[in-house]
Amino acid sequence: MTGADRAEGCLRVAVAAPLPGLFDYLPPQPLPRRPMESGVRVLVPFGRGRRVGMIVGVGVQTTLPPERLKPIAALLDEQPLLGAQDLRFLLWSAEYYRCNPGEALFGALPARLRRPRPLVQTTLPGWRLTPDADRLRAEALRRAPRQAQVLALLRGAGAAVDTASLRARLGDCAAALKALQAKGLIARCQIQSGWDDAAGVDALEDGAAGVAMEAALALNAEQQAALSAVEEGDGFRCFLLDGVTGSGKTEVYLHLIASTLARGGQVMVLVPEIGLTPQLQRRFAERVRVPMAVLHSSLGEREREIAWRRAAGGVARLLLGTRSAVFTPMPDLGLIIVDEEHDLSFKQQDGCRYSARDLAVRRGQQARCPVLLGSATPSLETLQNARQGRYRHLILSRRAGAARDPRILVADIRAQPLESGICHALMQRMHVEVEAGNQVLLFLNRRGFSPVLTCHDCGWISECPNCDARLTLHRAHNRLLCHHCGLSRPLPSHCPYCEGPDLRPLGQGTERVEDALRQSFPGIPLARIDRDSTRRRGELERLLAAARRGELPILLGTQMLAKGHHLPGITLVGILDLDQGLYGSDFRAAERMAQLLVQVAGRAGRAQRPGTVLLQTRHPRHPLLERLLRAGYPAFAAAALEERRAAALPPFSHQALLRADSPTERAAMDFLGQALELARPLAGRDIALWGPAPAAMERRAGRIRAQLLAQAPARARLQGLLSRWLPLVRALPAPGDLRWGVDVDPQEGL
Ligand code: ADP
Ligand code: ZN
Ligand code: ZN
């Protein structure tokens, strides 16, 4: 073999290391009998040690000189863990968001697969239904309840089930199995149990065997039109399902899910936060009888791995998950739904800063399946895509069923005394509704007791020593907490500055409003729903369930309550304070405020009873607020888009943010200053470079933060710049304690 021949037969490997690029290796020595395939994990020599990696290319031609090429140390898997399409998607994502490909790829795998240990494929003996079982009449097994049980369980699982799991569920059922086999209704099979343990029992948990299915609702004309539009297409197409809260978007999802499943496709549903998954999961499980998998951040490693494997193995047909679920392999993917597509939580805010919503569209393109983005308050990006015809715009303009749109009233609180943040008019209305047996929801996006503690004698205020931020008073723990760096201090009894005894909480947080409400409404059950009160697993679900049953006349909460929850009994929504959004520095502040207001307002009057929303504000004449209240979200969005167009801001341009932070101000600014000099000659005339400038919160967790913004008229121009620029930035000399990263399509801090 000559050197040149050898160089052609290289393997390209994504190595799990914080370095850009892919690495080429020679095949292992001696050559293993099984073929080397993409998607197989390997152990490779790397630096002075060894790392786990994954083959992403076979038979590649390398540019490395032969003497630098090393052979792979070992193949870890007998079969690929990821298919060609999954690999392509993950590598594309890493490239677009400028992340290290190996890190991105292994970050998308269950934790166990990131370790350099081989997995042994095992099989388990099990049972599957035969085609005859499908043709069986329902009453045929009336005399044989054990056999009927087995059959129902296999049907519910939607896949083969291993014998041990059957026994775990039904007890000893050998006789029933034998009888069913003799009738030709079931057959023995070997189940790929995956990697060295059984997932069979878990696969049954949500099979919903024996649960009576809810019937599908008859769709109204708009819902039907939306459904047909998606169903009549073939292959990839992106749709915006733009429907006011309660207009029946979820109902449209359910119909689409059912028809996709019936055609043999898998469905991926992405939701903003875990808070929404249990409710949606239940609604799905009541309607579609297929094995489902759920993926979100509060799962343990093992649960996460099982869900991943079931989706990747094609066992789970419906995957419901948050942001990171977008990377889950699904061999038969036939439909992707992104619910509440405008939500900020689809954007990862550290490490690889991807947008799961945008990646979902890319994924649908690769898998040639439809993608449905749903929202009552679509993001301006998505609306612009719809206007340009890239996405098809489907509108549900009215609430489904009997519910009517809520009435929005504005309370000017400039000249009014507030009682713990609540004005007189709101308090009165609350009493009326509660006495009438209705439900009230109060919204305040600030947790804790009060956002700051002050000294009445000297004017001292509680500030975080590490951040440009104030410490929030949390009464429940008697502590001052920083919501930005996590600093926690005991509540001082005297002013740390003048030692005066008169320390006063200033302003309202949810804890304080809760206290006030308990006094104004003695004996009335109420729940505060925020991150603090729902820390315990299952607590949010428990509170929401009680609210749905009508057991909680008063609900008080943050952002967490604004989203998607269907609470039919609410007739009054009070919004205590949204004013920060009106004058935020971020160019998206107004869009966010409008979305939040509409989403919160949408919680009112979702069933038969009409709803009222009372908005407290000190800026009743603010033009954006007036337009929103007078003409609604679509008119607001249209005007906001015009402003963005005039200012050439996204979606009319594309941005990337280079962020840096360091313990000292100079280091971050200096580094970005040098990066700017490198970018200038590459940028050309159409790419604007802004900064470097201090970040909106300049000091955070003891680090000084700065940023440099690049803005281009087209995505391709921006990506072109990044390709040439970032390698130069990486080569810049920088102090060891400086951190930097790039954020493509940034959503925050602008
Ligand atoms: P969204 O997801 O847009 O907020 P949902 O799908 O949750 O709306 O529907 C809101 C309410 O209206 C639900 O109680 C749902 O059962 C009901 N609903 C939806 N579609 C219909 C329909 N076609 N006929 C009657 N009720 C419907
Ligand atoms: Zn003082
Ligand atoms: Zn802090």
Exactly one of Ala157, Ala152 is among the small types (Gly, Ala, Ser), at negative phi and either surrounded by 20 or more Cβ atoms within 10 Å (Cβ to Cβ) or in contact with a Ser or Thr (Cβ under 8 Å, 6 or more places away or on another chain) (or both), and that one is Ala157
Based on this model, can you work out whether Arg548 counts as open to solvent by 50 Å² or more (accessible area, probe 1.4 Å) and either within 16 Å of ligand 1 (Cβ to nearest atom) or in contact (Cβ under 8 Å) with a residue 12 or more places away in the chain (or both)? yes
How many residues does the stretch 483-507 contain that are within 11 Å of ligand 2 (Cβ to nearest atom) and in a loop (DSSP other than H, G, I, E, B)? 10
Name the pairs: first residue in the stretch 647-671 and free of Cβ contacts under 8 Å to residues at least 60 places away in the same chain, second residue assigned to a strand (DSSP E or B) and open to solvent by less than 40 Å² (accessible area, probe 1.4 Å), Cβ to Cβ under 7 Å, at least 6 apart or on different chains? Thr664/Ile704; Glu665/Ile704; Met669/Pro692; Met669/Ala706
Please specify each residue of the stretch 87-97 satisfying the condition of being open to solvent by 30 Å² or more (accessible area, probe 1.4 Å) and either within 17 Å of Arg357 (Cα to Cα) or aliphatic (A, V, I, L, M) (or both). Leu91, Trp92, Glu95
Every listed condition ((1) surrounded by fewer than 22 Cβ atoms within 10 Å (Cβ to Cβ); (2) modelled with pLDDT of 90 or more; (3) of a type outside the set (Lys, Arg)) holds for Glu665 save (2)
Those residues of the stretch 358-372 which are out of contact with any Ser or Thr (no Cβ under 8 Å at 6 or more places or on another chain) and outside any loop (DSSP other than H, G, I, E, B) amount to Asp358, Ala360, Val361, Arg363, Gly364, Gln365, Gln366, Ala367, Pro370, Val371, Leu372
When the stretch 231-249 is checked residue by residue, the ones that are surrounded by fewer than 23 Cβ atoms within 10 Å (Cβ to Cβ) and in a helix (DSSP H, G or I) are Glu231, Glu232
Starting from residues that are more than 11 Å from ligand 3 (Cβ to nearest atom) and loosely packed, with under 14 Cβ neighbours inside 10 Å, keep the ones in the stretch 483-497 and report whichever is farthest from Ser450 (Cα to Cα). Tyr497
Determine, yes or no, whether Asp332 is open to solvent by less than 50 Å² (accessible area, probe 1.4 Å) and at negative phi. no
Would the stretch 272-292 turn up any residue that is within 16 Å of ligand 1 (Cβ to nearest atom) and closer than 21 Å to Ser93 by Cα? yes
Looking at the stretch 579-591, is at least one residue open to solvent by 30 Å² or more (accessible area, probe 1.4 Å), over 26 Å from Pro651 (Cα atoms) and at pLDDT below 90? no
Residue satisfying all of: in the stretch 465-482; surrounded by fewer than 18 Cβ atoms within 10 Å (Cβ to Cβ) and outside any strand (DSSP E or B); nearest to ligand 2 (Cβ to nearest atom) among these: Pro465
Restricting to the stretch 391-410, name every residue that is over 20 Å from Gly632 (Cβ atoms) and in contact with a strand residue (DSSP E or B) (Cβ under 7 Å, 6 or more places away or on another chain). Tyr391, Arg392
So for the stretch 702-715 (the condition being within 28 Å of the chain's Cα centre (by Cα), more than 19 Å from Ser585 (Cβ to Cβ), part of a helix (DSSP H, G or I) and touching a residue at least 60 places away in the same chain (Cβ under 8 Å)), does at least one residue qualify? yes
State yes or no: is Ser324 closer than 20 Å to Leu270 by Cβ, among the hydroxyl-bearing types (Ser, Thr, Tyr), in contact with a Leu (Cβ under 8 Å, 6 or more places away or on another chain) and open to solvent by 20 Å² or more (accessible area, probe 1.4 Å)? yes
Reported set for the stretch 453-464 where residues are in a loop (DSSP other than H, G, I, E, B), surrounded by 19 or more Cβ atoms within 10 Å (Cβ to Cβ) and within 15 Å of ligand 2 (Cβ to nearest atom) is Ser462
Condition (residue is within 22 Å of Leu473 (Cα to Cα), at pLDDT 90 or above, among the aromatic types (Phe, Trp, Tyr) and away from ligand 1 (no atom under 16 Å from the Cβ)) applied to the stretch 521-528: is it met by at least one residue? no
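The values are calculated or read from the model by the stated rules, or taken from the named source; none is laboratory data. Worth saying up front: this structure is predicted, and the values here are computed from it rather than measured. Here the Cβ is made from the backbone with ideal geometry for all residues, glycine too, and neighbour counts use every protein chain on show. With ligands, DNA and RNA removed, areas are computed over all heavy atoms of the protein, side chains included. Shrake-Rupley method; radii C 1.70, N 1.55, O 1.52, S 1.80 Å.
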